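Have a look at the structure below before the remarks.
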Amino acid sequence: MKTIFGVNSATPINKKLKNGYTMYDWVKRQKCFPAFCMRTLCGEDEITAEEIEFLKGKNCKIGLVIRDLTEAKVSGINGTEDAIKAVESAKELGVPQNEGIALFAEIKPEWSVNHNWMISFAQVISANGYIPAFIGNTDSSKNFNFDRQCSHYVQATKDVNCFDAIFMATEPKLDTMPTEWTPYCPSALEPEDMHLWSCGTTTFDFIQVEDVYAKDEKVLENMW
């Protein structure tokens, strides 16, 4: 099985570590060249023009993650405001519209989410020329809510192909690179419907990034 390795980092990937490496170079030294780096679009330590230039200079695709959501918002019924804010942030950063680039809503593992929030969020993201994407707890034994609500979203939007949404699994965790594509997934989806899988970590000192694998190279087309 061929997978594409990347990382999901809340910390700037060009941050200099105490050992003299950048976090990017440390990941490369510990694992391999990351083909993509998922960084913060909205929230603390948002990606900067300098970091964008750094990653593009490494030929590393950029996944854009919305990290300033709250459980109170995503468990409500209307994701329009959150989507508009994300769209405006993407525009200000210079992210092109209508080129298939995804904006990832990070739903924390312990949170509850509402499928109506997901639908309205996806509608606005899609209408503004971006692709909606969702990161959620895909282990139903730990939090059944995401399984149930994401499945409702899939069933309610199947006539519009789920707005071409990208789904990222967060379970199960592995000690090594996956040899089979077996991420956990919501009941309405199959493992092959999960585009990305966060299943490990790379750490230095107190700084940690998630090891993320893309199912295939096509997923990279949804990154900047």
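Can you compute the FRET efficiency between Lys91 and Thr11 using 1/(1 + (r/R0)^6), with r the Cβ-Cβ distance and R0 = 35 Å? Round to the nearest 0.05.
Between Lys91 and Thr11 the formula returns 0.90.
From the residues Asn98, Pro178, Phe144, which one has its Cα farthest along the dipole of segment 95-196 in the positive direction, the dipole being from +1 and -1 charges on Cβ of Lys/Arg and Asp/Glu about the Cα centre?
Phe144
How big is the charge dipole of segment 27-180 about its Cα centre, in debye rounded to the nearest 20, if each Lys and Arg gets +1 on its Cβ and each Asp and Glu gets -1 on its Cβ?
The dipole magnitude comes to about 380 debye.
How much of the DSSP beta bridge set in segment 73-224 is antiparallel, as a percent to the nearest 5?
Taking every DSSP beta bridge within segment 73-224, about 45 percent pair in antiparallel fashion.
In the chain, carbon and sulfur make up what percent of the accessible area (probe 1.4 Å)?
Reported share for carbon and sulfur atoms: 47 percent.
Any chance you could look up the accessible area of Arg39 with a 1.4 Å probe, heavy atoms only, rounded to 10 Å²?
Rounded to the nearest 10, the figure is 0 Å².
With the dipole of segment 1-63 worked out from charges on the C-beta (+1 for Lys and Arg, -1 for Asp and Glu) around the Cα centre, which of Trp26, Gly57, Asn8 lies farthest toward the positive end?
Trp26
Per residue, how much accessible surface does the chain expose to a 1.4 Å probe? Answer in Å², no decimals.
With the other protein chains kept in place, the chain gives 46 Å² per residue.
Grab the beta carbon distance between Lys173 and Cys32, set R0 = 22 Å, and tell me the FRET efficiency rounded to 0.05.
0.70
Would you please give the residues with an amide H less than 5 Å from that of Ile131, counting only those at least 5 places away or on a separate chain, with H modeled from the backbone geometry?
Excluding prolines and chain starts, which carry no amide H, the hits are Ile101, Ala102, Leu103.
Using helices alone, what [θ] at 222 nm do you get for the chain, with -39,500 (n - 2.57) per DSSP H run of 4 or more residues, divided over all residues and rounded to the nearest 500?
Value at 222 nm, helices only: -8000 deg cm²/dmol.
Can you give the extra length, in nm with one decimal, that the chain gains between Trp181 and Lys158 once fully stretched, where that is 0.36 nm per residue apart less the Cα-Cα distance?
5.9 nm
State the Cα centre-to-centre distance between segment 1-68 and segment 163-178 in whole Å.
Taking the Cα centre of segment 163-178 as reference, the centre of segment 1-68 is 17 Å away.
Between Ala72 and Glu99, what is the spin-label point distance in nm, taking each point 7 Å from the Cα along the Cα→C-beta axis?
Result for the modelled spin labels: 3.7 nm.
Kindly state, to the nearest 0.05, the FRET efficiency for Asn116 paired with Phe144, given R0 = 25 Å and r defined as their beta-carbon distance.
Once the sixth-power term is evaluated, E becomes 0.90.
Given the Cα-Cα distance of Asp45 and Asn59 and 0.36 nm per residue of separation, how much length would full extension add, in nm?
Between Asp45 and Asn59, full extension yields 2.9 nm more.
Per-residue accessible area for Tyr24 at 1.4 Å probe radius, Å² rounded to 10?
10 Å²
The values are calculated or read from the model by the stated rules, or taken from the named source; none is laboratory data. Just so you know, these numbers come straight off a predicted model, no measurement behind them. All Cβ positions, even for glycine, are placed from backbone atoms using ideal geometry, and neighbour counts span all protein chains on display. All accessible areas refer to the heavy atoms of the entire protein, side chains included, with ligands and DNA or RNA removed. Shrake-Rupley method; radii C 1.70, N 1.55, O 1.52, S 1.80 Å.
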